[in-house]
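These notes are about the structure you will find just below.
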Amino acid sequence: MLPDPLRLSIAVLPLVSYGLLLGIINARKKPFLTSGGADLATLGMALSGLMFVGPIELFRPEAAAAEFGSYVWLFLLVLYWLCIWLAILLARPRLVIYNISSEEIRPVLAEAARSVDPQARWAGDSLSLPTVGVQLHLESFDVMRHVSLVASGAKQDLAGWRQLAELLAKRLESFPVNANPRWLGIVLFAVIMLVTSLVHMLNHPQQISQAMQEILLY
């Protein structure tokens, strides 16, 4: 049984946006590079609806709701995004490249690494750039064809990471790849979720009004 249409829409719409974004990225015939912070923030956006109708609503403080009314939701959402921002600040440096395999990224990364630091060296899936203070390892998710360059160890030079990211981005601009064949499935799944949510809303208008009163007029 589906939940009330308003809460379903709140939970689904950010996920739909995230799914469509992933579909567009994977449909392109070139890789897409982003920072770990931006990737985490985007994931936080995708999960914001689920958090709103899940833990945020479940653990909403009654005293604060009675004192501030519907404004309590603004405070809780700000708190949620402050937690996301804290996670970004505490996370180790990371680069994420979508729509590319680990075999395809290695020669491009090796070339960029040598340009940043001629003393760059590999050890399995680990790469060390001692001159600029960057140590990383590759984590690949071959099913979805994306690779993460994750910092190894706590001592990292952020300036070195930025230099590596800039050179890697330039080389990936002219690096052709095949579109991820799973992009269509991602988009179709997002569209199905969107249509289900809209149909559920149209078929139950009274439940929408009741849910709004429960949420906003606590």
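Pick from the range 130-147 the residues that are part of a strand (DSSP E or B) and in contact with a Phe, Trp or Tyr (Cβ under 8 Å, 6 or more places away or on another chain): which of them is nearest to Lys29 (Cα to Cα)?
Result: His146.
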(request) Could you check how many residues of the range 142-170 are out of contact with any Lys or Arg (no Cβ under 9 Å at 6 or more places or on another chain), at pLDDT 90 or above and over 19 Å from Arg114 (Cβ atoms)? (result) 2
(message) Quick check on my filter: what residues within the range 32-82 are in contact with a helix residue (DSSP H, G or I) (Cβ under 8 Å, 6 or more places away or on another chain), free of Cβ contacts under 8 Å to residues at least 40 places away in the same chain and β-branched (Val, Ile, Thr)?
(response) Thr42, Ile56
(request) Answer yes or no as to whether Leu164 is crowded, with 17+ Cβ neighbours inside 10 Å, part of a helix (DSSP H, G or I) and not β-branched (Val, Ile, Thr). (result) yes
(message) Here are the criteria: (1) hydrophobic (A, V, I, L, M, F, W, C); (2) farther than 26 Å from Leu20 by Cβ; (3) assigned by TED's automatic domain parsing to the domain that holds Ala38. Tell me which single one Leu138 does not satisfy.
(response) (3)
(message) With the condition being assigned by TED's automatic domain parsing to the domain that holds Gln163 and closer than 20 Å to Ala179 by Cα, I'd like the helices (runs of 4 or more DSSP H) fully within the range 21-123 carrying at least 1 qualifying residues.
(response) 102-116
(message) Anything in the range 174-218 that is assigned by TED's automatic domain parsing to the domain that holds Phe32, of a type in the set (Ser, Thr, Tyr) and part of a loop (DSSP other than H, G, I, E, B)? List them, or say none.
(response) Tyr218
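The values are calculated or read from the model by the stated rules, or taken from the named source; none is laboratory data. Note that the structure is a prediction, hence the values are computed from the model and not measured. Here the Cβ is made from the backbone with ideal geometry for all residues, glycine too, and neighbour counts use every protein chain on show.
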